[in-house]
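Here is the structure we will look at, set down as structure tokens.
The values are calculated or read from the model by the stated rules, or taken from the named source; none is laboratory data. Treat the numbers as computed from the prediction; the structure is a model and nothing was measured. Positions of Cβ are generated from backbone atoms using ideal geometry, with glycine treated the same way; all protein chains shown enter the neighbour counts.
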Amino acid sequence: MNLPDQVALGTMHGKEAAIAPPLGSIGISLTVPPGLNTDAFGTFTGETSRRGSMLDAARAKAQAACEITGLAFGIGSEGSFGPHPAIPILPLGREVLLFWDNVRERAIVEQVVDQEPCFVSCIVAGYEDLDAMLARMDFPRTSLVVSPTQPGGISTKGVRSASELQAAIAKVIARSHDGRALVQTDMRANHNPRRMQMIGAAASQLAGRLKRTCPSCTAFGWGLVSVEAGLPCSSCGEPTALVQFELHGCTACEVQERSPRRDGMLEADPAQCQQCNP
Ligand SMILES: [Zn+2]
Ligand SMILES: [Zn+2]
């Protein structure tokens, strides 16, 4: 089965800027359907919460893009941001890119983890409280969102100048009960250059993967489909929660191959072991 030359991309936040170049290099051009409201699948600012997992949201966007355009293949992307699981004072970002094959009804998924996402927030009593936060991000290249501290209020998104920011904060504070406003980085791709860069990295991975074919059925998209935990502890030999094997496979015929970790790590640090370091 040959790679398609046209693929629908389900975005309304300009993600084609990051995804089109890597896919163009393997002969795929993107069609962005007009009028697709991807906010219906979830927003970062909480007006619409995401139903299901990141993968569910990315798949829903890809399928909606196929439906509107009538194309047989679609791409959806989804990001998620929160505290780093190991070091909660640091943020962690995750980007999923899902290629949907509407003919075989199968997905090909690539993801990247961002250890340094542009994801910051703070609660302020005035514009002058923002100095520390602004020093940690590249405002106004990355936009800001100003919201009431209580959930359910109306946010001003895409704030890109100091005067706009001042006005938005003053407005929220004037209407608030606590004299405060919540200021956060805008995580929509076209407002957050760091996010766009990571989506581009995921798209490069996806392009590489689409070029790899299944050794059994020759379908495109051979690559990492799953991992198996259980890397043994270097001290006691018990299995840990760290990845031991990678499963590479084909989502068209379900053939899989098990291989050791790509980074060659064969044993886990006892610090990661439940027996040695409970
Ligand atoms: Zn151990
Ligand atoms: Zn196959």
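Picking from residues in the range 146-158 that are outside any loop (DSSP other than H, G, I, E, B) and of a type in the set (S, T, Y), the one that is surrounded by the fewest Cβ atoms within 10 Å (Cβ to Cβ) is T156. The one condition from (1) surrounded by 16 or more Cβ atoms within 10 Å (Cβ to Cβ); (2) away from ligand 2 (no atom under 13 Å from the Cβ) that P278 does not meet is (1). Applying the condition of being surrounded by fewer than 18 Cβ atoms within 10 Å (Cβ to Cβ) and either of a type in the set (A, V, I, L, M) or not in a loop (DSSP other than H, G, I, E, B) (or both) to the range 206-223 and asking which residue is farthest from ligand 2 (Cβ to nearest atom) yields G208. Pairing each residue of the range 215-242 that is closer than 30 Å to M1 by Cβ and assigned by TED's automatic domain parsing to the domain that holds N277 with any residue that is near ligand 2 (Cβ under 9 Å from one of its atoms) and among the small types (G, A, S), provided the two are 6+ apart or on different chains, yields C-beta distances under 7 Å for C217/A252; A219/A252; V225/G249. Scanning the range 50-105 for residues that are closer than 19 Å to T251 by Cα, of a type in the set (D, E) and touching a residue at least 24 places away in the same chain (Cβ under 8 Å) yields a total of 1.
Taking the criterion of being under 22 Å from the mean Cα position of the chain (by Cα) and in a strand (DSSP E or B), the residues of the range 123-145 that qualify are L144, V145. Taken together, the residues in the range 224-255 that are more than 16 Å from ligand 1 (Cβ to nearest atom) and in a strand (DSSP E or B) amount to 11.
Determine if the range 140-150 includes at least one residue that is more than 17 Å from T45 (Cβ to Cβ) and out of contact with any strand residue (DSSP E or B) (no Cβ under 6 Å at 6 or more places or on another chain). For the range 140-150, residues more than 17 Å from T45 (Cβ to Cβ) and out of contact with any strand residue (DSSP E or B) (no Cβ under 6 Å at 6 or more places or on another chain): present. Return yes when A268 is outside the structural domain of L206 (by TED's automatic domain parsing), within 16 Å of ligand 2 (Cβ to nearest atom) and of a type in the set (G, A, S) and no when it is not. No.
Within the range 159-182, how many residues turn out to be assigned to a strand (DSSP E or B) and more than 16 Å from G46 (Cβ to Cβ)? Spell out the reasoning first.
First, the residues of the range 159-182 that are assigned to a strand (DSSP E or B): 159, 181-182.
From what is left, the residues that are more than 16 Å from G46 (Cβ to Cβ) are 159.
Residues that pass the stated criteria total 1.
If the condition is being surrounded by fewer than 17 Cβ atoms within 10 Å (Cβ to Cβ) and either in contact (Cβ under 8 Å) with a residue 12 or more places away in the chain or not assigned by TED's automatic domain parsing to the domain that holds D131 (or both), then the range 163-172 contributes Q166, A170, K171.
Return the residues of the range 173-184 that are among the aliphatic types (A, V, I, L, M) and loosely packed, with under 13 Cβ neighbours inside 10 Å; say none if nothing qualifies.
If we filter the range 173-184 for residues that are among the aliphatic types (A, V, I, L, M), which is where we start, we get 173-174, 181-183.
A174, the sole residue that qualifies.
The number of residues in the range 235-269 that are surrounded by 16 or more Cβ atoms within 10 Å (Cβ to Cβ), polar (S, T, N, Q) and more than 22 Å from V109 (Cβ to Cβ) comes to 1. Among the residues of the range 256-270, those identified as away from ligand 1 (no atom under 16 Å from the Cβ) and part of a strand (DSSP E or B) are Q256, E257, R258, S259, P260.
Inspection of the range 29-39 identifies at least one residue that is modelled with pLDDT under 95, touching a Ser or Thr at 6+ places or on another chain (Cβ under 9 Å) and part of a helix (DSSP H, G or I).
Pairing each residue of the range 249-270 that is in contact (Cβ under 8 Å) with a residue 12 or more places away in the chain with any residue that is surrounded by 13 or more Cβ atoms within 10 Å (Cβ to Cβ) and hydroxyl-bearing (S, T, Y), provided the two are 6+ apart or on different chains, yields C-beta distances under 6 Å for C253/S216; V255/S216; E267/S234; A268/T240; P270/S235.
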